[in-house]
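Have a look at the structure that comes next, please.
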Amino acid sequence: MSARSSLLIDLLAARDGIVCAVGAGGKKSVLYQLAREHPGRVALTATVHTTEFPADLPFDHVVCDEALLRNRVLATERSRSVAYAIPSSKDGRHAGVPAAMIRSIHDKGGFAATFVKADGARMRWIKAPATDEPVIVPGADTVIPVVSARAIGEPLSERVAHRVEQVEAVTGVARGMPLTPEAVGRLMASEGGALHSTGAARVVPVINMVDNARQEQVARAAAAAAIDMTSRFDRVVLCCLQRPAEPVVAVVTR
């Protein structure tokens with residue numbers, strides 16, 4: 001494990017417990033990076049529909065009916081790491097696992113960490129949740145809200161945003177107007193946005209897809225704005241997960 005990857009695990013408070021990723025713009029990429037680099041026994045799953053696990057993910061894959069799932073995952077006690085889900089009728093997809101079952105499997109399965117995709121965004125770069133989203137595991141230790149730097153500066157539309165009306169309501173940005181760094185920071189810091197349903201969990205936001213100097217500049221501005229608007233978190237991690245050996249671009253702190 002590289003020093004940079006180990007740093008990412010600690011920056012995202014993802015070494016122990018149940019870690020849920022929410023938002024848009026790379027949740028699965030963040031979780032896969034953490035799962036691959038974690039030195040202990042870990043699990044990977046989702047409370048919502050998700051794509052099939054990558055074939056190159058070095059995990060035991062357990063995909064079976066809900067009635068059998070808990071016992072089959074617990075029977076993998078000798079496995080280094082496990083990715084588990086419920087089958088879906090949709091091609092290339094898995095169905096979400098009940099949040100209470102994930103809690104039970106984590107507590108009984110001897111996992112150092114369980115990484116959970118807890119939100120859907122239809123491949124968009126930014127989102128604000130509906131009232132029943134995200135589906136966070138009860139008592140989750142850490143929640144990682146994700147947003148893409150590619151959304152910053154783009155006009156608000158269905159092309160870049162999931163649930164445009166909710167994004168409008170939280171940010172104050174009208175459809176067709178640019179998503180400024182301040183607006184994205186407001187979304188990250190809002191109880192109606194990235195903080196929705198996070199409860200008492202630690203919150204460590206990620207701005208992902210920081211692929212060049214311009215995106216780093218606007219991502220830093222959004223992160224600083226978010227930190228100024230809330231006391232729920234004191235750092236935002238800027239990432240470029242296309243560079244898995246060096247995924248951390250910068251860390252913006254209070």
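Where a number appears in this text, it was derived from the coordinates with a stated rule and is not lab data. Nothing here was measured: the structure is a model prediction, and the numbers come from that model. Neighbour counts run over all protein chains shown; Cβ positions are idealised from the backbone, glycine included.
I'd like the orientation of helix 213-229 relative to the chain: the angle between its Cα long axis and the longest Cα principal axis, in ° from 0 to 90, rounded to 10.
The answer is roughly 90 degrees.
Among 193, 227, 131, flag the residue with its Cα farthest along the positive direction of the charge dipole of the chain, charges on Cβ as +1 for Lys/Arg and -1 for Asp/Glu.
The Cα lying farthest towards the positive end belongs to 227.
Compute the relative contact order of the range 96-242 as a whole-number percentage, counting only Cα pairs closer than 8 Å that sit 6 or more residues apart in sequence. Numbers along the way, then the final one.
Working: 261 pairs, mean separation 35.1, N = 147.
With pairs under 8 Å counted, the relative contact order is 24 percent.
Related question: Compute, for the chain, the length of the dipole vector about the Cα centre, with Cβ point charges of +1 (Lys, Arg) and -1 (Asp, Glu) only. Units Debye, rounded to 20. Walk me through the numbers before you get to the answer.
Numbers: 30 positive and 26 negative charges, 51 e Å.
Approximately 240 debye in magnitude.
Could I ask something else about it? Would you order 84, 32 from fewest to most other beta-carbon atoms within 10 Å of each residue's own beta-carbon?
Numbers: 84 27, 32 22.
Ascending Cβ contact count within 10 Å gives the list 32, 84.
Next up: Can you give me the angle between helix 27-37 and the longest principal axis of the chain, using Cα atoms only, in degrees from 0 to 90, rounded to the nearest 10?
On a 0 to 90 degree scale, this one is about 50.
Can you pull the one-decimal nm distance between simple spin-label points at residue 60 and residue 10, each 7 Å off the Cα toward Cβ?
For the pair residue 60/residue 10, the computed spacing is 3.1 nm.
Quick one: of the DSSP bridges fully inside the range 3-253, what percent are antiparallel, nearest 5?
On the way: 10 of 41 bridges.
Expressed as a percentage, antiparallel bridges in the range 3-253 total about 25.
Using the basic label-point model (7 angstrom from Cα toward the beta carbon), what is the residue 191 to residue 77 distance in nanometres?
With each label point 7 Å from Cα toward Cβ, the separation is 4.3 nm.
Mind listing which trypsin sites (Lys or Arg not before Pro) in the range 6-102 are in a DSSP loop and have 10 or fewer other Cβ atoms within 10 Å? Mind dumping the intermediate values first?
Values: sites: 15, 27, 28, 36, 41, 70, 72, 78, 80, 90, 93; in loops: 15, 41, 78, 80, 90.
Qualifying residues, ordered by number: 78, 90.
Grab the other residues whose beta carbon is less than 14 angstrom from that of residue 181, score K and R as +1, D and E as -1, and report the net. All intermediate terms of the calculation are to be shown ahead of the outcome.
Working: positive: 150, 186, 214, 220; negative: 154, 182, 216, 228.
Here the charged neighbours net out to 0.
Out of 68, 12, 31, any idea which swings most in a Gaussian network model of the chain, alpha carbons joined below 10 Å?
Result: 68 has the largest fluctuation of those listed.
What does the helix-only formula give at 222 nm for the chain: each DSSP H stretch with n ≥ 4 adding -39500 (n - 2.57), the total divided by the residues, and the result rounded to the nearest 500 deg cm²/dmol? Let's see the in-between values first.
On the way: 7 runs with 73 residues, N = 254.
Computed mean residue ellipticity for the chain: -8500 deg cm²/dmol.
Given 4 °C and 1.567 mPa s, how large is the Stokes-Einstein diffusion coefficient of the range 3-253 in µm²/s, with Rh as the Kirkwood radius over Cα pairs? Provide the component values of the computation, followed by the final result.
Values: Rh = 18.0 Å.
This corresponds to a translational diffusion coefficient of 72 µm²/s.
To continue, here is another question. Would you please name the trypsin sites (Lys or Arg not before Pro) within the range 112-208 that are DSSP coil residues with at most 16 other C-beta atoms within 10 Å of their C-beta? Show your work: numbers first, answer last.
Values: sites: 117, 122, 124, 127, 150, 159, 163, 175, 186, 202; in loops: 122, 124, 159, 163, 175.
Passing sites in the range 112-208 are 122, 159, 175.
Could you pull out the GluC sites (Glu not before Pro) across the range 123-193 that fall in loop regions by DSSP (anything but H, G, I, E, B) with no more than 16 other Cβ atoms inside 10 Å?
On the way: sites: 158, 165, 168, 182, 191; in loops: 158, 191.
Of the GluC sites (Glu not before Pro), the ones in loops of the range 123-193 whose Cβ has at most 16 other Cβ atoms within 10 Å are 158, 191.
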